[in-house]
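Have a look at the structure below, then the notes.
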Amino acid sequence: MIRRQRLAAGVCALLAALTAGLALPGTAVADETEQAAPKVELVLDVSGSMRARDIDGGSRMAAAKQAFNEVLDATPEEVRLGIRTLGANYPGNDRKTGCKDTALLYPVGPLDRTGAKAAVATLAPTGWTPIGPALLKAAADLDVTGGDGGDGTRRIVLISDGEDTCQPLDPCEVAREIAAKGIGLTIDTLGLVPDARTRDQLSCIADATGGTYTSVQHKKELTDRVGQLVDRAADPVVTPVATAGATECAKAPTLTSGLYTDRAEFGRQRWYRVDLDAGRELRASVSVADDRAVRPDYGVLLRAVTVHGREIVRGEAAGTGRTDVISTGLRYPRPASDDEDAAAETVCLQVTNSFAAAAGVKTSPGLPLELTVDIVDGPDRAADVASFGLGRGWWLLGALVLTGFVAGLLWGWLSRWRVAVWRAN
């Protein structure tokens, strides 16, 4: 008991010291600058075609409303969220008027979930599909106002089921213009049961700003994807580093902890190298996106291999055409060494994909690849921290356990002997 009290007191003292250290001026915490709140605007197509009943037996509009309600419930508190519509108010045939039909349904700001849901509930499929004008307005909605700084994440999530009907204002050109402004705004697009032309247009919009395109055919897919994109806005901003994998480990670039982008040729291998010190753990994950039409049934394999070709560990994943991104990962803890001067081990990371392009689809450039490398303290060091207070006294713990076991047996035997004597009398 005394030892336990001393241990608890020591831990409390350590925590108090750390807290005091963090509170001192001039520390890293004091030097951090407050980041602007992340902003997201959901842009929803409410044109007449959203009446179509081809998503799990219900209309496209019903699927979008359900997705919005679930996403609004799960939106992180720090995200400033807004909702803009296109084609929601003008039911007529005048093209000039129809192409101005975009409105801010819920302004970008702290989220009132009840108010936002009530606004979404009023929507009904109505008119045209002015995607280009809606994107211009959405970019203005997210622009820096009120002196809140310009370094926060800004993201537009566009959900549509058809092509823009307001040409010649090409929405792809609009997206390129937004990207050219250098305001750090990303546009992600989702196509509800899209045809080839709609898919091409939405993909082009996303590519122009470094966003993603996702084809959606089911309610759950829509809800999950919109939720992922909103959550991503709340994550710390990490700028990927472009790299070029090699055809063999000996020629591969050496990577450190970070996020990397590359292009993966169809059905080919890409190699990378990581130097891993003793007592450290390598955590790696890879995602490959099929940004064009591919044949179903594909996979991605990530292997950690020694420089001599021996496999250490692998991660693999397979797909059947229901998603546009496939990911896998692995972990490799290198044991600790008593030799403080032990050389780092070179680990070769091999990324292989089994994608095949659909007929008539270009295979160049390769598919977008994103590789995450994280090098952390290995389990041996974690064990040292977990055993704080025991030191090398494990033998004492074992002796106590054994003593308790023997004492239990003796007490049980003595109890049975006393019962037997009592019954005999």
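The values are calculated or read from the model by the stated rules, or taken from the named source; none is laboratory data. What you are looking at is a predicted structure, and each value in this text was computed from that prediction instead of being measured. Because the Cβ atoms are built from the backbone with ideal geometry, glycine has one as well, and the counts that use them run over all protein chains shown.
What the table shows:
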{"read-out": "Out of Asp290, Asp374, sole residue that is closer than 22 Å to Thr243 by Cα, surrounded by fewer than 17 Cβ atoms within 10 Å (Cβ to Cβ) and within 23 Å of the chain's Cα centre (by Cα)", "value": "Asp374"}
{"read-out": "Yes/no for Val241 being touching a residue at least 12 places away in the same chain (Cβ under 8 Å) and in contact with a helix residue (DSSP H, G or I) (Cβ under 8 Å, 6 or more places away or on another chain)", "value": "no"}
{"read-out": "Hits in the stretch 180-210 - residues which are among the aliphatic types (A, V, I, L, M), over 21 Å from Ala67 (Cα atoms) and assigned to a loop (DSSP other than H, G, I, E, B)", "value": "Ile183"}
{"read-out": "Of all residues making up the stretch 296-342, the number that are free of Cβ contacts under 8 Å to residues at least 12 places away in the same chain and in contact with a strand residue (DSSP E or B) (Cβ under 6 Å, 6 or more places away or on another chain)", "value": "1"}
{"read-out": "Any hit, the stretch 239-257, residues being in a strand (DSSP E or B) and under 30 Å from Ala37 (Cα atoms)", "value": "yes"}
{"read-out": "Index of the failed condition, Thr75 passing every other in (1) hydroxyl-bearing (Ser, Thr, Tyr); (2) more than 24 Å from the chain's Cα centre (by Cα); (3) over 19 Å from Gly162 (Cβ atoms)", "value": "(2)"}
{"read-out": "Qualifying residue in the stretch 268-277 (condition: assigned by TED's automatic domain parsing to the domain that holds Ala342, surrounded by fewer than 18 Cβ atoms within 10 Å (Cβ to Cβ), modelled with pLDDT of 90 or more and not in a strand (DSSP E or B))", "value": "yes"}
